[in-house]
1. Tally up the carbon and sulfur contribution to the accessible surface of chain B as a whole percent, 1.4 Å probe, everything protein left in place.
2. Just how large is the dipole of chain C about the Cα centre, in debye to the nearest 20, putting +1 at every Lys and Arg Cβ and -1 at every Asp and Glu Cβ?
3. Below 8 Å between Cα atoms, with a sequence gap of 6+, how large is the relative contact order for chain A in percent?
4. Quick one: accessible area per residue over segment B:9-437, 1.4 Å probe, rounded to a whole number of Å²?
5. If the reach is capped at under 17 angstrom between alpha carbons, list the lysines near B:LYS179, excluding any in the same chain fewer than eight residues apart.
6. Given a 1.4 Å probe and heavy atoms of the protein chains only, how would you sort C:TYR324, C:TYR85, largest accessible area at the top?
7. Return the long-range amide H neighbours of B:GLY182 (sequence gap of 5 or more, or a different chain), with a cut-off of under 5 Å between placed amide H atoms.
8. Mind checking how much accessible area B and C bury in total, 1.4 Å probe, in Å² rounded to 100?
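The values are calculated or read from the model by the stated rules, or taken from the named source; none is laboratory data. What you are looking at is a predicted structure, and each value in this text was computed from that prediction instead of being measured. Cβ sites come from the backbone with ideal geometry, for glycine too, and all protein chains shown count toward neighbours. Remember, those area values only see protein heavy atoms, side chains included, never the ligands or the DNA or RNA. Shrake-Rupley method; radii C 1.70, N 1.55, O 1.52, S 1.80 Å.
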Amino acid sequence: MAKNTNIRISLPAVCFVWQIAMIILFGVFIRYDEESDTHWIEHRRKKNISTNLENDFYYRYPSFQDVHVMIFVGFGFLMTFLKRYSFGGVGFNFLIAAFGIQWALLMQGWFHHLDENDWKIKIGVENLINADFCVASCLIAYGACLGKVSPVQLMVLTLFGVTLFAVEEYIILELLHAKDAGGSMVIHTFGAYYGLTISWVLYRPLLSQSRHLQGSVYHSDVFAMIGTLFLWMYWPSFNSAIADHGDGQHRAVINTYLALASSVLTTFAISSISQNNGKLDMVHIQNATLAGGVAMGTASEFMITPYGSLIVGFCSGIVSTFGYLFLTPFMEKTLKIQDTCGIHNLHAMPGVIGGIVGAITAASASESVYGQEGLINTFDFKDAVANRTVNIQGGYQAAGLFVAIAFGLVGGALVGGILKLPIWGDPADANCFDDDVYWEVVFVMCCGLYHVIIPKHLD
Amino acid sequence: MAKNTNIRISLPAVCFVWQIAMIILFGVFIRYDEESDTHWIEHRRKKNISTNLENDFYYRYPSFQDVHVMIFVGFGFLMTFLKRYSFGGVGFNFLIAAFGIQWALLMQGWFHHLDENDWKIKIGVENLINADFCVASCLIAYGACLGKVSPVQLMVLTLFGVTLFAVEEYIILELLHAKDAGGSMVIHTFGAYYGLTISWVLYRPLLSQSRHLQGSVYHSDVFAMIGTLFLWMYWPSFNSAIADHGDGQHRAVINTYLALASSVLTTFAISSISQNNGKLDMVHIQNATLAGGVAMGTASEFMITPYGSLIVGFCSGIVSTFGYLFLTPFMEKTLKIQDTCGIHNLHAMPGVIGGIVGAITAASASESVYGQEGLINTFDFKDAVANRTVNIQGGYQAAGLFVAIAFGLVGGALVGGILKLPIWGDPADANCFDDDVYWEVVFVMCCGLYHVIIPKHLD
Amino acid sequence: MAKNTNIRISLPAVCFVWQIAMIILFGVFIRYDEESDTHWIEHRRKKNISTNLENDFYYRYPSFQDVHVMIFVGFGFLMTFLKRYSFGGVGFNFLIAAFGIQWALLMQGWFHHLDENDWKIKIGVENLINADFCVASCLIAYGACLGKVSPVQLMVLTLFGVTLFAVEEYIILELLHAKDAGGSMVIHTFGAYYGLTISWVLYRPLLSQSRHLQGSVYHSDVFAMIGTLFLWMYWPSFNSAIADHGDGQHRAVINTYLALASSVLTTFAISSISQNNGKLDMVHIQNATLAGGVAMGTASEFMITPYGSLIVGFCSGIVSTFGYLFLTPFMEKTLKIQDTCGIHNLHAMPGVIGGIVGAITAASASESVYGQEGLINTFDFKDAVANRTVNIQGGYQAAGLFVAIAFGLVGGALVGGILKLPIWGDPADANCFDDDVYWEVVFVMCCGLYHVIIPKHLD
């Protein structure tokens, strides 16, 4: 039965209504913070700040731009690997990220940055980074659903995903006071289980009808490598973007750089050993090489040591590649979870590893390694948690991981239920992974599977 | 009648002569400024500057690199969308930008930075950014002519374009003292009308002879998305690159980020609503999503408020997409303007919107919102314009917009006339949009419109 | 005779063993430096450093990320130009760079940064940049061997390449006290001669058997332009990344920006003049446009003047393009050197030009131009070399160039001998430049030379 994929009313309606809602809510709630307001010059004098460079902008802007590239080019191009779904991969990623960052500024603002004097949210560059982070979790979830959902469904997925994210982030970072600079838990673990559960709810038993479109062609794999490399290269910026000024950002970069390098080698090793003649599989290279960055998300600020970072990357590259080899087929057959991009291997498992590594590293921190002040600074042991010990911190880190998983599973089940309603214009099983459903494609991939198009003036 | 497209003498001659002229003129006029000269250390001591970080390099270099990427990858790849003109799109963009930045350093230097003591131009990182900005206007103009002109014509277009730019920029920024940090007026409006007028003068009534090459193929559209996304992501850097240190740069980033996000949603909405079944059109997504950045160029530094930025993006995304739907065909048929990339929709209209928004925002500025010092800093109300009111400033902003349009129209008419001379090696109507004219293409697009190449060893 | 290209044991073994060795050696030797350690706050107080911004991270991180992009996307995509070797180009580049940066941190650490108190190497962001620099020399060498070697051979090439690099760098920069901020000598000249000599040792007389794969197709040339442009745009960051804080970095950027712009014009000129009808050759545009950056590597920090930079770019663009036209065919026929990417034209000759320009510029430096302090700062005339004159410095610069060439030639001969052993799984002459040997390629380039794949459901 052909499904109705006409989104001519629903997509424009969602875009317009939500964008107008954003404008109204921004009008009511969002203002510039003191570093982006013209009163900064007075603020500087009052606080005796000697130079414009102390404006947080100069600490964080280069990292912000790198993160921005990861969100739009990194995630976007990573999802262009399918032979006939490159428009949908990069295009819908663009749409939902552009919506999500606006909604994230509001949701995160209400939970973290609401000024109790005037009930306004004051935003600066750190809020922009956090909004990009938040939206990353929804883009991860998109990876599980790639090719099987309509853009309207993706907007709904993002609306609820950002909402859930803001709540679980508030619980993990503020209530539990866990540390998670690069978001192994709050971004990757949550996003992956959110997407996987949605994909489980939306299970399509007859998806094999579009299996001929579920692979890549030569050049679509090269396009996907653009995504992979920009994610890989800028991941040190991701994990350090909101770390502490000074040594915190510096150390997060070193740790992430090393973990990523290490996971490249183990990915190549496992990919080669798993095939006849040792031939490499592009799917592994495009994805599992990034596992080190995911797994270093929580502990990136900690004194995990350079060789500790290498070990984390070593293990996560192996686990992730094995996931692509064995777990993805198993999950599809047995658990009825169809995970187009393999986010379970790239985000869920390395994210959980990252959470565990973070908990262990925190629990084993000591004044002899960190220094007295360093320990306090790194874990923010002040105010309400001034007396927390590192062991207790480790426990709270572990608790944070469970919160992230729980939010992903429960939230995904709820949102999956909503997305299952037959009103969203999703494609029929035989039309999945096909740009032709939602895009004007005149000459679809001149030499793809279907057709050699006869030029109009020749026939 | 086949035209002579042999550029074996003319292109090398133009490149060599102009490059040698650049060397001579640089030898006479261009020197390092005090922040890039080895005397910086003495300068620091004299001016009591405590740290190397106060060197403007550290304020502006990250933004500069982002702008640089926009010029060469952003504009370059945005113009690879044609099925057989990707080499020309990215390659000629590369050539004329590399020439234009040199000529811009001289032209802008003579008008803005000539040291009256020794008649030298002292350059630093801000000059490099301004040179990139200047050349952007010529790349915009290229967009209207894409596929229809020879590289020699493009070099001439750039030579005069940079020259005109430097003059109109001097009038708008120095004489009128209008503000235009991201160049809605001086870059986009001028560049677009310059290119459109040239395209009007060079009107080709028989261009339909090459209409079969005037579309995209699947992968060329994905290449173009590289350009789109790098422009989109780095536009906050573009609009903030030469804004005031501190809150000025910070605020420009926030405003541009929001305007861009907003125009993505309205672009998707209008694109979807305009087609059967709500299918999206890649041309809209590649271009109109950027309209928010263009329209935020003038007001990016101002206290336009976050929701104000969203509104600007909202409107410009709609206007731009409608332009692609209705205005481009209308202009081609009725006004005889063939606008290959639709720069009227992406740069002219949003640029004019940006100029108007800037004028209104300036006119409605107040001490209660900006603070006394903030108002003076933001609009540079000092020296000759110390007593200017915001209303008068608004008027001068509007005047600036007219200057930009006038320079575009008059300059474009003059340069178009020059380019119409039959000496520049431009292609025949039937050979437009074809890389084969100016590039060695051995296997042109193996499965394009023309041919399935039979492998040599099989026939 | 078909060669055995099975790398199912050797590649995983090399990856695992070397990665484990890295972990052990990092455990023994590598620690955070004082700016990336949690004791930074105490260090700041002790050294009376007023702000976190004085952490070297904020001086160098934006440049580091640009260099990182050059290594992985720049070099990687530049090598995707072959019609059937894009996976190998970008994929193996990824593998060996990820290994090389780890080994470089150790090798460079032992030679330059070993703390004599505790025999540890303390790393920070500058070490990460230097590791990227070091690995660049091996990626250059890869360019000569592209398509003709196995990934195992590349790992060996990188192991020895990094080792040799660390030694020659130590000799040139520390013992000779030559300056080479952008590595014209230590990176480009060494890397190129290292690769060329290896390619000479591995000469394949019957390589013409795979000549049908040794060209590009339309879209692979566009992919390669991604590499070209990211190298071109970020080269100013490359040449300034480890330059002196303040005016040193600032000046290096200006000089490199200008040299690159100039070499674009001369490349287009020579490319056009060399062909019938003045048609341009993508190979030249992809490569020779970068020659200005290579040739500005040594002198980028010096007061070479802006027009001096333009002259350097002017000449190196010409030399490089002529190399592609005449030298590469000559070298293949007469000298038996098969240089897939033409690294002799892009790295060897411009690198030597850069070394010579550096020596001349150093020898002609004067206090009247540099200022007394400026001269000392720029050339680090202190401690052991406090009394060195600029003439002597020029001589040492020249000596450095010879050391780089000598290390490249001798090292390449030795490593080439090792790589000639018949145990590394390299492809047969008829299978060179073919991804099918080392990668799972299901639908190899749907419309390449070999096959029109008949869709499964149609046959």
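1. Values: 8430 of 13530 Å².
For chain B, the apolar C and S fraction of the accessible surface comes to 62 percent.
2. Numbers: 24 positive and 35 negative charges, 221 e Å.
The dipole magnitude comes to about 1060 debye.
3. Numbers: 818 pairs, mean separation 106.4, N = 459.
23 percent.
4. Details: 11520 Å² over 429 residues.
Here the per-residue accessible area is 27 Å².
5. Filter leaves B:LYS382.
6. On the way: C:TYR324 30, C:TYR85 5 Å².
The ordering from most to least exposed comes out as C:TYR324, C:TYR85.
7. B:THR298, B:SER300
8. Details: alone 20410 and 20450 Å², together 33900 Å².
Answer for the B-C pair: about 6900 Å² buried.
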